[in-house]
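Written below as structure tokens is the structure these notes are about.
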Amino acid sequence: MAVMTSCVHEEDTYVEALKLNANGQSTTPGSTTTTPVATTPTSTTATTTDLLGIKNPLLTLDLTTTTALKNVGGYIAKNGYVVAQVSAGVYVAVTQTCSHEPKKQIILNGSEFYCTAHGARFDLTGKGKNSLGSRGIAAYKVITDGKTLVVYS
């Protein structure tokens with residue numbers, strides 16, 4: 001009998017979105033301490049990807065035009081990822097593909113991710129919450145400067 005394993009690993013967890021202040025320093029939501037992010041000066045015309053320091057983003061969203069993410073509980077499914085605002089200014093991102101059967105039907109349902117195909121449930125870190133979701137789903141890192149959100153691994 002073959003043993004099936006998940007593509008999700010212990011290190012595949014979500015990270016609360018980092019925010020950059022006007023000086024290019026990051027702040028963790030709820031934190032008042034700052035640490036430098038960029039080691040080289042950035043101009044006001046630098047691309048968002050360079051500003052946030054992510055070289056190979058999986059997904060970049062303009063928060064000023066993405067209305068689905070303006071409110072807590074809002075989410076968007078795009079390019080194989082589900083991005084959600086789970087509390088004020090805190091975003092998480094997971095794969096849109098369910099581990100139960102490879103269907104792109106993951107949505108945010110209250111405070112958990114849910115597969116509309118068969119009912120698999122996952123917490124905000126991608127960990128399975130029922131037998132159908134027991135293998136979990138991949139979660140990704142997220143960073144934002146308040147205007148742009150970048151999903152990366």
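The values are calculated or read from the model by the stated rules, or taken from the named source; none is laboratory data. Please read these numbers as outputs of a predicted model, since none were measured by experiment. Reconstructed Cβ throughout: ideal geometry from the backbone, glycine too, with neighbour counts over all protein chains shown. For accessibility, only protein heavy atoms count, side chains too; no ligands or nucleic acids. Shrake-Rupley method; radii C 1.70, N 1.55, O 1.52, S 1.80 Å.
Tabulated values for the structure
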| quantity | calculated |
| --- | --- |
| Pick from segment 137-153, criterion small (Gly, Ala, Ser) and outside any strand (DSSP E or B), ranking: surrounded by the most Cβ atoms within 10 Å (Cβ to Cβ) | Ala138 |
| Matching residues, segment 75-97, being outside any strand (DSSP E or B) and buried (at least 19 other Cβ atoms within 10 Å of the Cβ) | Gln96 |
| Filtered residue count, segment 55-110, keeping only those that are farther than 19 Å from Lys147 by Cα and of a type in the set (A, V, I, L, M, F, W, C) | 5 |
| Considering residues of segment 113-126 that are in contact with a Phe, Trp or Tyr (Cβ under 6 Å, 6 or more places away or on another chain) and not in a loop (DSSP other than H, G, I, E, B) only, the residue nearest to Tyr81 (Cα to Cα) | Phe113 |
| Candidate set from segment 111-126 (those that are touching a residue at least 24 places away in the same chain (Cβ under 8 Å) and over 14 Å from Ile76 (Cα atoms)); member that is most open to solvent (accessible area, probe 1.4 Å) | Ser111 |
| Residue check, Gln105 in contact with a strand residue (DSSP E or B) (Cβ under 9 Å, 6 or more places away or on another chain), open to solvent by 40 Å² or more (accessible area, probe 1.4 Å) and modelled with pLDDT of 95 or more | yes |
| Top-ranked residue in segment 127-136 [being touching a strand residue (DSSP E or B) at 6+ places or on another chain (Cβ under 8 Å) and in a loop (DSSP other than H, G, I, E, B); ranked as least open to solvent (accessible area, probe 1.4 Å)] | Gly136 |
